[in-house]
Amino acid sequence: MPVTRELLIRLGASAADAGRYLDALNEAMRTHGITSERRIAHFLAQLMHESGCLAHTEEDLRYSADGLRRCFRRHFRDEAEVCAYARQPERIGSRVYAERLGNGPEASGDGYRYRGRGLIQLTGKDNYRGFADWVGADVVANPQWVAERYAVQSAVYFWVRNGLSALADADDLGAITRRVNGGLNGYENRRALLERARQVLMEQASAAPVILQPDPPTGVPFVPPAAHLSRDRSDITRQRDGGRAHPLGEPDRPAREGRSAAALARSVSAIVDYLDVRNPDHRRYRPRRNAAYASVYAADVAYLCGVYLPRVWWSAAALRRLGDGDAVAAEYGRSVCELDANALFDWLQAFGAVFGWVRVDGPDALQSAANAGEVCMIVARGAGRAGGIAVVVPETAGVRAARNSRAEVLRPVESRAGARNVRRAAPARAWWRGARYRSHAFWRHA
């Protein structure tokens with residue numbers, strides 16, 4: 001159940017703020033299981049309260065003397081000290097958060113440096129360290145990024161780390177509020193937001209259209225067949241500059257085989273070495289000034305592994321005819337067309353499960369599946385531009401995934417074609433989280 005712009009606005013967000021955070025919210029919530037009506041309603045109720053309905057991503061520490069007495073009285077020795085700190089946010093933050101949450105003493109400035117940021121405010125150096133490991137970005141050295149780049153992700157991190165989905169499943173608003181706030185401040189407003197979110201979600205669910213797939217006479221739901229242009233053409237080779245809509249047809253091409261996970265992983269690695277995307281003689285993948293072939297390479301890996309990831313897919317008219325029971329031949333430009341990374345992102349969402357693809361919740365699970373010899377992909381949809389796709393491949397003795405201090409994978413070992421082709425390496429950054437991409441997903445196929 002996706003969050004809509006209308007839902008955010010009806011919960012109090014401005015149209016501009018709703019548009020700013022909508023895609024990131026849907027992506028992060030879907031990835032981390034905040035997908036049921038109850039979880040969405042509880043999550044948004046806390047998020048909207050804590051952020052002033054998406055208007056604020058940073059804690060406001062400009063307290064008056066009255067505000068300091070009300071909120072932080074125990075941190076000041078006497079009335080003179082309260083008055084001396086009033087309206088000085090840097091001094092206030094450094095004092096009230098000193099020597100807790102992983103912060104140093106007041107003189108270190110850690111309390112202000114690691115003040116609350118994000119749509120559910122992340123506070124304290126220890127929490128910034130944990131989030132840095134989780135998101136794969138150095139927000140300890142660059143704490144402002146939590147507000148500027150990762151306002152949504154930090155809120156989801158807080159939610160996941162504190163196990164709040166389980167409390168949402170139990171419909172325990174009080175327990176959730178205590179974990180978010182440390183008490184019950186703003187409880188009535190949070191409750192009102194929760195009820196409003198539930199109401200809007202119920203209205204939207206009842207108004208949503210029901211989309212039915214056409215059924216053949218047997219009553220079995222319609223499943224489109226795999227689309228391929230002619231296979232086993234010996235002239236479709238790695239060395240050929242052309243024919244990229246066709247699957248590779250070289251007679252010596254390897255296949256994924258083996259009974260054990262280790263044997264399957266070795267055969268996947270052998271396929272990666274055979275395709276050798278870095279070889280300049282393999283013109284099928286060699287980037288040009290205005291073209292790169294990430295989707296071609298990903299489809300080739302899948303094809304040699306015996307897994308369907310389309311290079312071409314049926315047109316809307318062809319799907320209608322297939323649904324009516326007609327026989328439709330795959331004809332380039334007529335019944336089928338090539339898919340780029342953006343189109344593959346959409347195809348996996350719509351048809352991936354039908355063809356055995358399973359979505360996983362992060363790079364750690366994806367690398368584990370790749371190490372077991374499964375076919376694994378990271379696919380990102382571009383924000384008004386080209387998307388990205390990378391194959392996640394088994395680790396080797398010489399090439400390991402990037403992990404955090406708890407040995408969790410932050411950036412898996414990738415093999416990809418693109419502006420710069422990579423045969424096997426862990427990327428220097430989590431590219432799929434970049435501003436050029438609207439959303440991303442991790443997929444595995446056994």
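The values are calculated or read from the model by the stated rules, or taken from the named source; none is laboratory data. Keep in mind it's a predicted model, so treat the numbers as computed, not measured. When we count neighbours, we look across all protein chains shown, and the Cβ atoms used for this are built from the backbone with ideal geometry, even at glycine.
Quick check: anything in region 130-137 within 17 Å of LEU61 (Cβ to Cβ), touching a helix residue (DSSP H, G or I) at 6+ places or on another chain (Cβ under 7 Å) and either part of a loop (DSSP other than H, G, I, E, B) or without any contact (Cβ under 8 Å) to a residue 12 or more places away in the chain (or both)?
No: region 130-137 contains no residue that is within 17 Å of LEU61 (Cβ to Cβ), touching a helix residue (DSSP H, G or I) at 6+ places or on another chain (Cβ under 7 Å) and either part of a loop (DSSP other than H, G, I, E, B) or without any contact (Cβ under 8 Å) to a residue 12 or more places away in the chain (or both).
Please specify each residue of region 398-410 satisfying the condition of being within 17 Å of the chain's Cα centre (by Cα) and either closer than 23 Å to ALA299 by Cβ or not in a strand (DSSP E or B) (or both).
GLU408
For region 114-124, check the following and say yes or no: at least one residue is part of a helix (DSSP H, G or I) and either among the hydrophobic types (A, V, I, L, M, F, W, C) or without any contact (Cβ under 8 Å) to a residue 40 or more places away in the chain (or both). Talk me through it step by step, then tell me what you get.
Step one: list which residues in region 114-124 are part of a helix (DSSP H, G or I), which gives none.
No.
Name the pairs whose Cβ atoms lie under 9 Å apart, with the first residue in region 69-85 and without any contact (Cβ under 8 Å) to a residue 60 or more places away in the chain and over 12 Å from VAL96 (Cα atoms), the second part of a helix (DSSP H, G or I) and small (Gly, Ala, Ser), and 6 or more positions between them or separate chains?
Once the first residue is without any contact (Cβ under 8 Å) to a residue 60 or more places away in the chain and over 12 Å from VAL96 (Cα atoms) and sits in region 69-85, its partners that are part of a helix (DSSP H, G or I) and small (Gly, Ala, Ser) give GLU79/ALA65; CYS83/ALA65.
Of everything in region 355-397, what is in a loop (DSSP other than H, G, I, E, B), in contact with a strand residue (DSSP E or B) (Cβ under 6 Å, 6 or more places away or on another chain) and within 14 Å of GLU414 (Cβ to Cβ)? Give them in sequence order.
Answer for region 355-397, where residues must be in a loop (DSSP other than H, G, I, E, B), in contact with a strand residue (DSSP E or B) (Cβ under 6 Å, 6 or more places away or on another chain) and within 14 Å of GLU414 (Cβ to Cβ): just VAL393.
Hey, among ALA317, ALA365, ALA383, ALA302, which residue is in the same structural domain as HIS282 (by TED's automatic domain parsing) and crowded, with 19+ Cβ neighbours inside 10 Å?
ALA302
Identify all residues within region 274-324 that are of a type in the set (S, T, N, Q) and in contact (Cβ under 8 Å) with a residue 12 or more places away in the chain; write none if there are none. Spell out the reasoning first.
First, the residues of region 274-324 that are of a type in the set (S, T, N, Q): 279, 290, 295, 315.
Across region 274-324, the qualifying residues are ASN279, SER295, SER315.
Can ALA343 be described as in contact with a Gly (Cβ under 9 Å, 6 or more places away or on another chain), surrounded by fewer than 20 Cβ atoms within 10 Å (Cβ to Cβ) and in a helix (DSSP H, G or I)? Outline the logic, then answer.
On the way: in contact with a Gly (Cβ under 9 Å, 6 or more places away or on another chain): yes; surrounded by fewer than 20 Cβ atoms within 10 Å (Cβ to Cβ): yes; in a helix (DSSP H, G or I): yes.
Yes, satisfied.
Among the numbered conditions (1) in contact with a helix residue (DSSP H, G or I) (Cβ under 8 Å, 6 or more places away or on another chain); (2) in contact (Cβ under 8 Å) with a residue 12 or more places away in the chain, tell me where LEU184 comes up short.
(2)
Working only within region 165-188, note down all residues that are modelled with pLDDT of 95 or more and of a type in the set (S, T, N, Q).
Selection gives THR177 alone.
When you scan region 293-312, do you find a residue that is assigned to a helix (DSSP H, G or I) and among the polar types (S, T, N, Q), even just one?
Yes, there is a match, as at least one residue in region 293-312 is assigned to a helix (DSSP H, G or I) and among the polar types (S, T, N, Q).
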